[in-house]
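Taking it in order: structure first as structure tokens, then the write-up.
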Amino acid sequence: RKERLVIVGGDAAGMSAASQVRRLRSDVEIIAFERGAFTSYALCGLPYYVAGYVAEWSQLIARTPEAHRRNGIDVRLRTEVIGLDLARREVIALDHEQRREYREPFDQLVLATGARPRELAVPGRDAAGIFTLHGIEEAQALVDWLARERPQRAAVVGGGYIGIEIAEAFRARGLATTLIEAGEQVMPMLDPDMAELVERALREEQVTVLTKAPVEAFATRGGRIRAVITPAGEIAADVVVIGIGVEPNSELARATGLVVGERNAVHVDDRCRTSEPGIWAAGDCADVSHRLLGRSVYFPLGTTANKQGRICGLNLGGRDARFPGIVGTAITRFGDTEIARTGLSEREARVAGLSVITGHARSTTRSGYFPGASWMTVKMLAEESTGRLLGAQIVGGPGAGKRIDTVATALSAGLTLEEFIYLDLAYAPPFSPVWDPVVVAARKLA
Ligand code: FAD
């Protein structure tokens, strides 16, 4: 028989790998198992579908199963891989529609099983009206609830980027919204001084922000959510979304003894190989190397899932591709406030044993006199002894956030402050002040 590649998971990482292999090789049979009903869908777009900015969920599908099939990929929907038999090099699949279990042999296997929302095991969690947002079906259920039940008061549990995006969605729909965070601050990927700016933006848009408020229980009435119970009191809510982080779906890998790393993510090398020959992993189920920390971390993002999927596919297609690793870049927004970070935060740098210096710049996204200029604050971090850039955080109005890419590029290149300050960045009044705010922040340190 033909050489056979089996993919487990039909979204970003899995289908990037499959498509890349197909581009390079026509002599390989490719089978992709997906336990859900969709392929290549944009989880990242779900908050904007809930907000109503994206009218139809179908707009979030980049490539349908039929399109993949036309491309020569045998997509098997609603079919879950429930076991791996390494000795026989077979996967054990369960077709949920036919209620049939069968085995499928493989020569090469890609694990792209993604992640699942972290659970909040408190009383009342099963009440109707409490959702997580990690799939098209979950988003549909939430949107149906909003349309059918017409809730007035929403609570979001978790102040990370997903929580903030959902808070925006609820505000866009006119719901009174409370954001409940167990930790000291919202946006734990930012330092407290920058997170403070995000909290201010939330409050300005009438979101009630509660920090240091771990959820103790959900109060229900007739099986439906009535309130969220926290040490700060009872918050009335008739719809709740929980977004407190994700955990890698690494059970298949762990059950067969594959090496796992931080947070139980499947450990991969720079070619996306696992510890078992012929088995590869990519995306939210896997770890990734961090260029500044010099070790692997769990940093699940769509941008990395696509890249790791591509690396898998290139290698399986006969090339020799290596992923150089991430520098910890992420971006989100709440309404008009853009929030971005790259590299290490002050806290992360200290934990890594680095002596860090920080500089802040308060500036504008365009020349101050130019119409449409909005505020932005940049925090820049560098290593005290060497002047090497370590990271940056940005909070500001429209046009602020994507400037993080300049710093991410500089981090990848290992630039020092001096090198960064004199980069030939573009300037004209409609685009930036004469010194870009990220450079102004770096100048504070030089
Ligand atoms: P997934 O997208 O989780 O896909 C894994 C697939 O595997 C799923 O379809 C699942 O059904 C299937 N599967 C799992 N186990 C099995 C099995 N045993 N058998 C068969 N099939 C299986 N990232 C960003 O970079 N930017 C953003 O703005 C952003 N926003 C986000 C917003 C939200 C609300 C969410 C939830 C995530 C967001 N992300 C964002 C993260 C991004 O969506 C993920 O990093 C990305 O989807 C990971 O792709 P993946 O293919 O590794 O995993």
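Below are the figures for this structure:
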quantity	calculated
Residue check, I164 under 30 Å from H360 (Cβ atoms), of a type in the set (A, V, I, L, M), in a loop (DSSP other than H, G, I, E, B) and under 21 Å from the mean Cα position of the chain (by Cα)	no
Residue tally, condition in a helix (DSSP H, G or I), among the hydrophobic types (A, V, I, L, M, F, W, C) and more than 12 Å from the ligand (Cβ to nearest atom), over segment 297-329	3
Complete set of residues in segment 140-183 that are under 16 Å from G245 (Cα atoms) and free of Cβ contacts under 8 Å to residues at least 60 places away in the same chain	G159, L179, I180, E181, G183
Single match in S58, S16 (criterion: away from the ligand (no atom under 13 Å from the Cβ), hydroxyl-bearing (S, T, Y) and not in a loop (DSSP other than H, G, I, E, B))	S58
Residue match in segment 225-236 (condition: in contact (Cβ under 8 Å) with a residue 24 or more places away in the chain, within 13 Å of the ligand (Cβ to nearest atom) and of a type in the set (A, V, I, L, M, F, W, C))	no
Top-ranked residue in segment 114-147 [being more than 15 Å from the ligand (Cβ to nearest atom) and in a strand (DSSP E or B); ranked as nearest to Q20 (Cα to Cα)]	I130
Residues satisfying the stated conditions in segment 96-147, i.e. closer than 26 Å to P214 by Cβ and β-branched (V, I, T)	V122, I130, T132
Residue satisfying condition, being β-branched (V, I, T), outside any helix (DSSP H, G or I), touching a helix residue (DSSP H, G or I) at 6+ places or on another chain (Cβ under 8 Å) and more than 29 Å from A169 (Cβ to Cβ), within set T332, T342, T358, T377	T358
Residue tally, condition more than 29 Å from the chain's Cα centre (by Cα), hydrophobic (A, V, I, L, M, F, W, C) and more than 17 Å from A361 (Cβ to Cβ), over segment 408-446	2
Filter result (surrounded by fewer than 15 Cβ atoms within 10 Å (Cβ to Cβ) and part of a strand (DSSP E or B)) within segment 225-235	G233, E234
Failed criterion for I92 (all others in (1) without any contact (Cβ under 8 Å) to a residue 40 or more places away in the chain; (2) closer than 22 Å to A282 by Cα; (3) part of a helix (DSSP H, G or I) hold)	(3)
Any hit, segment 104-113, residues being within 16 Å of the ligand (Cβ to nearest atom), in contact (Cβ under 8 Å) with a residue 12 or more places away in the chain and surrounded by fewer than 19 Cβ atoms within 10 Å (Cβ to Cβ)	yes
Condition check for A67: surrounded by 19 or more Cβ atoms within 10 Å (Cβ to Cβ) and modelled with pLDDT of 95 or more	no
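The values are calculated or read from the model by the stated rules, or taken from the named source; none is laboratory data. What you see is a predicted model; the values in this text were computed from it and never measured. Here Cβ is always computed from backbone atoms with ideal geometry, including for glycine, and neighbour counts include all displayed protein chains.
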